[in-house]
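Have a look at the structure below before the remarks.
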Amino acid sequence: MDASEANKLSEAATFVQRSTAGAAPRIGLVLGSGLGALADELAGLERLSYATIPHHPTSTVAGHAGNLCLGQLAGVPVACMQGRVHAYEGHPLSRVVFGVRLLAELGCGVVLLSNAAGGIAERLHAGSLMRIEDHLNLMGDSPLRGPSARGPRFPDMSQAYDRELAQLCELSAQEAGVALERGVYAGLLGPSYETPAEIRMLKTLGADAVGMSTVPEVIALRQMGVRVGAVSCITNLAAGLSSELLSHVEVEATAARVKSDFIRLFAGWVRRIGGQA
């Protein structure tokens with residue numbers, strides 16, 4: 001991110017701060033495909049369309065409402081990205097991560113991400129929730145390529161997913177009675193789904209789930225010193241693992257089916273993090 005991008009980020013944050021009346025957010029949330037309903041649960045909800053925020057890219061994908069929502073979840077001030085943009089929509093990765101960088105600029109020292117993913121590991125099925133322990137960046141690019149004005153040139157990624165946040169996620173799942181798997185997420189460019197041969201390759205590499213987002217956001221957040229946690233909603237079995245054709249309609253339908261578990265998990269997670277901050 002060069003100085004020009006930093007200025008754009010500052011302008012966007014100033015706009016959000018002047019357009020909303022609530023407390024500054026402490027925790028950021030990124031709500032993936034079909035998972036945006038959590039934002040509607042916020043107390044004192046204030047909603048800004050991405051299209052109204054200076055320099056913010058807009059989403060063209062079904063299931064991504066394209067709003068920045070501010071309010072309180074479990075009594076904690078939060079900012080929710082109700083949907084995200086993706087590289088396959090034509091955005092460079094430096095633009096893909098604008099939204100999460102904005103969360104950090106607004107004061108979020110913790111960001112919790114979610115996504116819809118295809119399940120590779122045999123223990124996963126449509127409807128599973130999987131805490132991401134680590135990731136594989138197979139997008140062929142990095143959001144940090146080019147001039148760097150925010151954070152170290154070579155950020156350490158050995159603990160990309162914060163261990164303390166992971167423990168709090170596990171405790172929240174137990175308290176909510178939500179089954180929570182854990183595993184490695186592979187981020188690919190998309191938008192085509194993977195071939196069966198590619199899924200066999202990913203399994204060999206150690207991936208438990210695969211999707212088209214999240215990884216660039218985590219890299220950008222860690223460069224800025226933001227603590228990160230993430231959960232995948234397994235919305236379908238990956239190519240070659242079932243007889244069904246893959247479709248985005250299936251992704252949205254499965255996400256809707258697990259909505260209540262997802263909301264309980266994230267609300268408890270936010271409450272626990274907020275209680276320690």
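Structure above, values below:
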| quantity | calculated |
| --- | --- |
| From the coordinates shown, Cα extents along the principal axes in Å corresponds to which of [x] 51, 42, 33; [y] 50, 43, 37; [z] 61, 45, 36 | [x] |
| Residue order, fewest to most surrounding Cβ atoms within 10 angstrom, among PHE98, PHE266, PHE154 | PHE154, PHE98, PHE266 |
| Gained length - ARG271 relative to HIS125, 0.36 nm times residue gap less alpha-carbon distance | 49.8 nm |
| Computed lengthening from ALA51 to LEU205, 0.36 nm per intervening residue step minus Cα-Cα distance | 51.6 nm |
| Residue-averaged [θ]222 nm for the chain, counting only DSSP H segments that reach four residues, each worth -39500 (n - 2.57) | -10000 deg cm²/dmol |
| Cα-centre dipole for the chain with unit charges at Cβ (Lys and Arg positive, Asp and Glu negative), debye to 20 | 500 debye |
| Options CYS108, TYR88, GLY119, ranked by Cα towards positive dipole end of the range 3-276, top entry (Cβ charges) | CYS108 |
| Longest segment of the chain lacking trypsin sites (Lys or Arg not before Pro) that sit in a DSSP loop with at most 15 other Cβ atoms within 10 Å | 154-277 |
| Cysteines having no other Cys beta carbon under 4.7 Å from their own, within the chain | CYS108, CYS169, CYS233 |
| Vicinal HN-Hα couplings computed from phi for the range 129-141 (Karplus, 6.51 cos²θ - 1.76 cosθ + 1.60; Hz; Gly/Pro x) | 10, 10, 6, 7, 8, 6, 9, 10, 8, 10, 8, x, 7 |
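Read-outs: derived from the displayed coordinates by stated rules, not from any lab. For clarity, every value in this text was computed on a predicted model and none was experimentally measured. Glycine gets a Cβ as well: all are built from the backbone with ideal geometry, and neighbour counts include every protein chain shown.
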